[in-house]
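Input: a single structure, listed below in structure tokens.
Every number here is computed from the coordinates shown, using simple stated rules; none is lab data. Nothing here was measured: the structure is a model prediction, and the numbers come from that model. Note: ideal-geometry Cβ built from the backbone for every residue, glycine included; neighbour counts use all protein chains shown.
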């Protein structure tokens with residue numbers, strides 16, 4: 001069992017019910033042979049839903065829980081009512097107890113963040129966790145964070161986000177020195193507020209395994225200007241939703257075009273194979289999964305409306321991050337970066353003691 | 001001449017040169033018979049470029065200026081070097097002197113905003129101007145402001161933006177009570193920071209000619225949830241650029257699909273008429289024009305890369321706002337809304353005086 005990648009699933013989460021989640025786990029299992037799952041939720045429902053997936057049944061263990069956190073429950077209330085008893089909490093706790101390497105849930109984002117932070121706690125020196133999303137771009141993929149865990153953040157938080165995003169890019173994209181940029185309303189160094197400028201200066205001068213490339217504008221994300229784009233949660237969430245909305249708007253207009261005449265319908269038939277690639281590249285399932293960064297464990301949030309393919313993608317992503325030990329990667333980076341500060345602090349306190357001795 | 005709509009054009013602005021601007025003015029002239037233009041820039045260049053457009057030549061007057069504000073000049077420097085002598089300044093000043101009803105420029109945005117604010121000044125009670133853009137949506141069009149004139153703003157500024165955007169929607173879309181929303185990371189009332197909540201409460205309780213519909217998420221813009229969406233300039237600019245980037249990304253992928261095989265190429269030929277509608281709806285030229293709101297005059301900024309159709313659209317928009325006297329519409333709204341405050345202030349000062357008398 002030691003070489004297994006073990007994932008905790010909040011099976012009861014998601015709008016499409018347990019089957020979508022289990023089907024997704026089964027798809028992921030056919031792609032990654034060494035997966036093992038801890039399944040949290042109503043035992044009877046899960047065991048029934050497992051019947052079509054004998055391979056998954058053989059590579060998983062069901063853990064009964066009584067409570068499912070509702071999608072509209074406030075985070076604080078979820079912590080009060082759902083702690084210990086909910087499938088969400090138990091999945092996270094399985095990571096906390098080192099039984100699983102990471103947890104996946106399609107449940108209530110606020111509750112998941114609250115429980116994950118409460119149960120796993122943040123890494124040393126991290127005072128703000130972030131939600132990272134993977135965006136499809138013209139040239140490949142880009143990690144954008146924060147997608148809405150925090151409204152506004154300090155320059156130090158932005159710098160931490162840069163390190164965490166770069167670590168994730170190294171692990172998930174297999175890039176040695178990811179290109180990191182800061183989201184701004186212009187590329188020139190004079191643009192943006194003081195926090196952005198201070199974060200830019202720190203990232204530029206840092207000696208970390210990343211290449212700071214400067215400010216990135218909204219359209220720079222889809223152009224693939226950077227492997228990692230860092231921003232506060234307010235602008236990040238609005239950018240994400242706006243991009244989703246624009247993509248949906250174009251898809252609607254395109255569908256109208258394809259059904260507007262018999263010529264257009266014929267064209268659609270001829271174009272079908274080429275459109276398949278187009279659709280795959282734009283499929284939100286292929287970029288499903290908000291990764292919580294800054295915690296002492298891996299937690300991935302699937303979109304609430306995820307289908308089996310959406311779950312499969314999020315599970316693949318979780319498996320990759322467990323396999324390459326993302327949490328340790330981030331921890332080491334923070335240790336290296338903040339080491340100087342620690343040393344300095346120690347030196348000063350030593351000096352102070354010496355001064356005191358003299359006095 | 002009294003029924004003429006008179007527009008000042010910064011002919012030297014824009015990356016495509018004077019011809020694109022003049023061609024655009026000529027197109028607009030064929031669509032709106034009662035236009036007259038004041039053309040600012042190098043007299044010889046303009047007169048040469050006017051030759052293909054005899055109708056425009058007959059309905060315009062050329063004003064020679066020596067200086068063109070460079071696209072990369074800092075606003076402060078532009079004000080110092082370009083005041084009085086530049087085509088940009090002269091176009092704005094023509095509005096200030098009531099010779100023209102509005103000015104159009106495709107030049108340096110920062111310089112244009114600085115000059116417009118300096119020359120025209122803001123309306124009484126407005127302490128932040130905003131840039132409004134018209135977005136194509138699934139159902140029609142939405143005005144979004146601010147697109148980047150201010151990074152962060154107060155709740156009072158957001159409320160003013162709501163009034164100004166609603167006035168613009170009444171004038172441009174001909175809607176009696178435009179639906180106004182505030183851009184946020186969730187639709188629930190508890191979402192967002194205190195400024196957003198305070199602005200929401202004021203707009204909800206105000207008795208102005210608008211319907212406040214609550215918070216709108218990033219994807220709510222393209223869904224057409226509101227006629228006007230209000231936001232700070234940082235998030236607004238990032239949303240705009242992200243939408244542009246996503247649209248371009250999809251267009252690139254679609255082009256790849258259409259050229260991937262002979263079947264796809266044949267399909268493209270069959271689809272061409274239907275795609276024309278698609279392209280028109282998504283054409284950035286059809287939503288070209290950033291409208292400066294909050295000034296004592298109408299100034300419209302075209303995209304720097306505008307072609308003739310882009311200029312024509314921005315000029316049409318300017319003409320509609322002049323015809324319906326947008327500035328006065330905004331002024332009246334502000335007077336109505338702030339009237340109570342003024343009355344109260346007067347009452348207090350009267351009371352104070354009385355108290356003083358008693359003392």
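Observations, loosely collected:
- DSSP bridge analysis restricted to region B:135-286 gives an antiparallel fraction near 15%, rounded to the nearest 5.
- 10 Å Cβ neighbours from other chains, averaged over peptide A:255-263: 4
- Per residue of peptide B:265-277, the mean number of Cβ atoms on other chains within 10 Å of the residue Cβ is 6.
- For the pair residue B:154 and residue B:188 in one chain, pulling the backbone fully straight at 0.36 nm per residue adds 10.2 nm over the alpha carbon distance.
- Annotation: the antiparallel percentage among DSSP beta bridges lying fully within chain A is about 30.
- Extending 7 Å from Cα along the Cβ direction at residue A:338 and again at residue B:47 yields two label points whose distance is 7.2 nm.
- Distance (nanometres) between label positions extended 7 Å along Cα→Cβ at residue A:328 and residue B:118: 6.1 nm
- Taking all Cα pairs closer than 8 Å and separated by 6 or more residues, the relative contact order of chain A comes to 22 percent.
- Full extension of the segment from residue A:252 to residue A:77, taken as 0.36 nm per residue of separation minus the current Cα-Cα distance, would add 59.1 nm.
- For A:181-190, mean number of other protein chain Cβ atoms within 10 Å: 3
- Based on DSSP H segments of at least four residues, each scored -39500 (n - 2.57), chain A has a per-residue ellipticity at 222 nm of -17000 deg cm²/dmol.
- Summarising the label geometry, the points placed 7 Å from Cα in the beta-carbon direction at residue B:177 and residue A:66 lie 5.0 nm from one another.
- Relative contact order of region B:135-286, pairs being alpha-carbon contacts under 8 Å that are 6 or more residues apart, as %: 32 percent
- Using a Förster distance of 22 Å, the FRET efficiency for residue B:139-residue B:272 (Cβ separation, nearest 0.05): 0.30
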